[in-house]
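Some notes on the structure that comes next.
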Amino acid sequence: MFIFVWYAAILIFTCTASFHDLIHFGVLRFRWDGHPTFSEFLSPFPTDFSRSLLLQKIGHIIAFQILTFLLLLKFRSQLIILFLAASFASLTEFLQLYFSRGGRVFDIGFDLIGILVALGMASFFKITPSRQIELKK
């Protein structure tokens, strides 16, 4: 259930007309664009690096780390988790084009950083069952 709630939260955050207005004023609006400019999807990383841009990219990483940790609670296969999370990352970026937002390929890269860091942490901290010595009486 938590997985679907988090999926919905990511969709809302990525498809709202203005993330800034949602966070600062609680305004949730969606604006559909039936004819998006698909070339924007391949736009390069912005050259005007700002604190706001940095926070957005950190948000991508954290959102998909959380999603990956939730998926780890449900699925054993890291390959399935990687596929589910990466597919959703790609879908959200593509959908942003239709919601008058700037979906970008490089944002999928930040999402993948969050996914891979979470999978790496899960592998690193994985506790394997210890071999117990059985004492017979």
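The values are calculated or read from the model by the stated rules, or taken from the named source; none is laboratory data. What you are looking at is a predicted structure, and each value in this text was computed from that prediction instead of being measured. Every residue, glycine as well, gets a Cβ built from its backbone with ideal geometry; the counts of neighbours run over all protein chains shown. Please note that ligands, DNA and RNA were not included when accessible areas were found on the heavy atoms of the full protein model with its side chains. Shrake-Rupley method; radii C 1.70, N 1.55, O 1.52, S 1.80 Å.
Taking the C-alpha atoms only, the angle from helix 51-74 to the longest principal axis of the chain is near 40 degrees. Assuming R0 = 25 Å, can you tell me the calculated FRET efficiency for the pair residue 79 and residue 3, based on Cβ-Cβ distance, to the nearest 0.05? In this case the efficiency is close to 0.90.
Against the chain, whose longest principal axis comes from its Cα atoms, helix 2-15 is set at around 20 degrees.
Enter the per residue convex hull volume of the chain, computed from alpha-carbon coordinates, in Å³ rounded to the nearest integer. All intermediate terms of the calculation are to be shown ahead of the outcome.
Values: hull volume 20.6 nm³, N = 137.
Each residue corresponds to 151 Å³ of Cα convex hull volume.
Note that the range 7-137 presents 69 Å² accessible area per residue, ligands and nucleic acids not counted, probe 1.4 Å. Using a probe radius of 1.4 angstrom, the carbon and sulfur fraction of the accessible surface of the chain is 69%. Applying both filters, DSSP loop and at most 14 other Cβ atoms within 10 Å, to the chymotrypsin sites (Phe, Trp or Tyr not before Pro) of the range 1-65 gives 30, 32, 49. For the range 85-95, backbone phi angles converted through the Karplus equation (6.51, -1.76, 1.60; θ = phi - 60°) give residue-by-residue couplings of 5, 5, 5, 5, 4, 5, 4, 5, 5, 5, 4 Hz, Gly and Pro being listed as x. Rounded to the nearest 500, the helix-only mean residue ellipticity at 222 nm of the chain stands at -21000 deg cm²/dmol, with each DSSP H run of n ≥ 4 adding -39,500 (n - 2.57).
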